[in-house]
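Scroll down for the structure; my scribbles are underneath it.
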Amino acid sequence: MTFGQANTEVERLAQRLLRGGVKPEMRCILWMENGLDYALIWLALSRIGAVSVPLNQAYRGPILTHQINDIRAEALITDSAHWVRIDELKNQIPDFPLIFDGGRDASFQISAGLIDLWRSDEVNSPEEGHTSLPDLTELPFPKASDCMSIFYTSGTTGPSKGVLYTHMQAWRTAESVAPYLTEDDVFYMTSPMCHVAMPHCMGAALIAGASVVVRKRFSSSAFWPDVRAYGVTATMMLGSVATFLNAASPQADDREHTLRKVLMVPVLKNASEFCERFGVAVMSWFNMTELSVPLHTRGFSAHPDGSCGLPLPGVSARVVDEYDREVARGKPGELVVRDVQPWTISPGYLNQPEATVSAWRNLWFHTGDICVQDAAGSFFFVDRLKDSIRRRGENISSHEVESQIQLHSSVMEAAVIGVAAHEGEQEVQAIVVLRPGAFLTIQELLDFLHPRLPSFCLPRYIAFSADLLPRTDTGKIRKNVLRTQFPKGQGDREDINYIVRK
């Protein structure tokens, strides 16, 4: 599909949505399979000035019920596969005044009022109370300050919150990547479209005039064949994507491809080795749903230092203590940010004014992330504020312990949480997933970690999991789930009489 064809189709979809009853500022749930059609509908809703509410395609049951009830949307755009899970909720959620079929499935029939977005004929009945059909050409374009979407946060520490997301946030997020792409680039998108990866990836490619290849979801086995088949030059690797690719056995053709630019978060500890192995360069950043990439490494490097980069022009960033006082360089604290350009940070959380005020206290947005700023001004992620562990008077970064565990050749991924200690505070619990066919004992892993970690950081408990770690749609480990699964320590090193040398 060319840019001209895409623009024509977006305008056609916008007209059809408009004549089907969608209005500016109307909340419209977008819940269907990832793909080109999803992106076109998202753009059409944005053109109208409606508020798209993309929901995670994996949700069902209580989480889905919570979000639908929180939104109170007036329209639903879905497909037959996702409608089945909506239908399961029945009396638990309100009815949708408008329902659109976005999935091109001719067998999708739920009621006489279902509007098919892909049929060639138009919706011919005027909206109630009007004698003429609304026309897209009569609608002004939305303003930068208007709410474009409501994205639900990952909910790693509690029920997910709806983040109000402006058109300016989308533009600023896309603009952080677009200058580093060209018209000759082919961007491979496997990130979920139900989150800000949509403006980050798709938006950046649109601004740069680059081509986009969309796969419904990431597949490690399909990744390199796709790269070679489509001549992919750039991609985003969120969460464990880079880890999975790096876990594969080295091949003679690891560098025989067109991929050169990798957007990576988090940056692998051995990222330079990753770059050397696959012949790529890495760019990284710091972002949240509430923000629009305030920190950025500003370019691709074959030797990334693991930082989140520097503040973008107009952005102020600080590392502060629990009283919002700035701490010295090299000392960890919470990252807070603000921007001189308006509307680049979320106006707040849907139906949660207290959470909005708390996040914005003292006129700084509080990220909830622990960071360190080095002497050169770069920021380095340390841990989530609520994921840090307190053991016998020492503060432990779960992220730092995890990164050392993942250096072991037998480990695919690992998570570290705090569990209650008998004498008060916490002990360190590691949950480890091994590479296929690998074998590792608690003793061997502790011996590996002992020279790499301070003694107080060494895990008291190590549990090996046969299943991959639970993750959010953006690749973050769901540590709230792990805390429920491991309320008490499992795999105690004292059971094997392991001696910690100090």
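All of the numbers you see were taken from the coordinates with simple rules; none came from a lab. Values in this document were obtained by computation on a predicted structure and should not be read as measured data. Reconstructed Cβ throughout: ideal geometry from the backbone, glycine too, with neighbour counts over all protein chains shown.
Backbone N atoms of the range 80-95 closer than 18 Å to the 7 Å Cα→Cβ label point of R119 belong to residues 80.
Roughly what % of DSSP beta bridges within the range 388-496 run antiparallel, to the nearest 5?
Numbers: 14 of 18 bridges.
Among the beta bridges of the range 388-496, antiparallel pairing accounts for roughly 80 percent.
Hey, with R₀ at 22 Å, roughly what FRET efficiency would K143 and N69 work out to, going by the Cβ-Cβ distance, to 0.05? Walk me through the intermediate numbers first.
Details: r = 29 Å, r/R0 = 1.32.
Step by step, r from the Cβ atoms, then E = 0.15.
Highest average first, the peptides 413-420, 401-408, 225-232 ordered by how many other beta carbon atoms sit within 10 Å of their residues are 413-420, 401-408, 225-232.
Using the per-residue mean of other Cβ atoms lying within 10 Å as a proxy for protection, in what order, highest first, do the peptides 298-306, 430-438 fall? Please report the intermediate quantities before stating the final value.
On the way: 298-306: 15.0, 430-438: 17.6.
So the peptides 298-306, 430-438, ranked by packing, come out 430-438, 298-306.
Can you list the chymotrypsin sites (Phe, Trp or Tyr not before Pro) in the range 430-469 that are in a DSSP coil and have 15 or fewer other beta carbons within 10 angstrom? Walk me through the numbers before you get to the answer.
Numbers: sites: F439, F448, F456, Y461, F464; in loops: F439.
Here the sparse-neighbourhood loop sites are F439.
What the Cβ-Cβ distance of S316 and A376 gives, at R0 = 25 Å and to the nearest 0.05, is a FRET efficiency of 0.90. Listed cross-link partners K216/K331; K269/K488; K161/K216; K90/K488; K261/K386; K216/K488 are compared with a 31 Å cut-off, the Cα-Cα value being larger for K216/K331; K90/K488; K261/K386; K216/K488.
Assuming R0 = 51 Å, what is the FRET efficiency of E11 and A420, from their Cβ-Cβ distance, to the nearest 0.05?
Values: r = 58 Å, r/R0 = 1.14.
After rounding, the FRET efficiency stands at 0.30.
Length gained on full extension, A106 to S301: 65.4 nm, using 0.36 nm per residue less the C-alpha separation. Within the chain, DSSP assigns beta bridges of which about 55% are antiparallel (rounded to the nearest 5).
Taking the Cα centre of the range 370-502 as origin and assigning +1 to Lys and Arg Cβ atoms and -1 to Asp and Glu Cβ atoms, the resulting dipole is close to 200 debye.
Rounded to the nearest whole Hz, the Karplus-based 3J(HN,Hα) values (6.51 cos²θ - 1.76 cosθ + 1.60, θ = phi - 60°) of the range 336-347 follow the sequence 10, 9, 7, 9, 6, 7, x, 6, 8, 10, 3, x, with x at glycine and proline.
Straight-line reach from K23: taking Cα to Cα under 23 Å and skipping same-chain neighbours fewer than 8 places apart, the lysines in range are K143. With the simple spin-label model, which puts each label point 7 Å out from Cα in the Cβ direction, the S455 to D467 separation comes to 3.7 nm.
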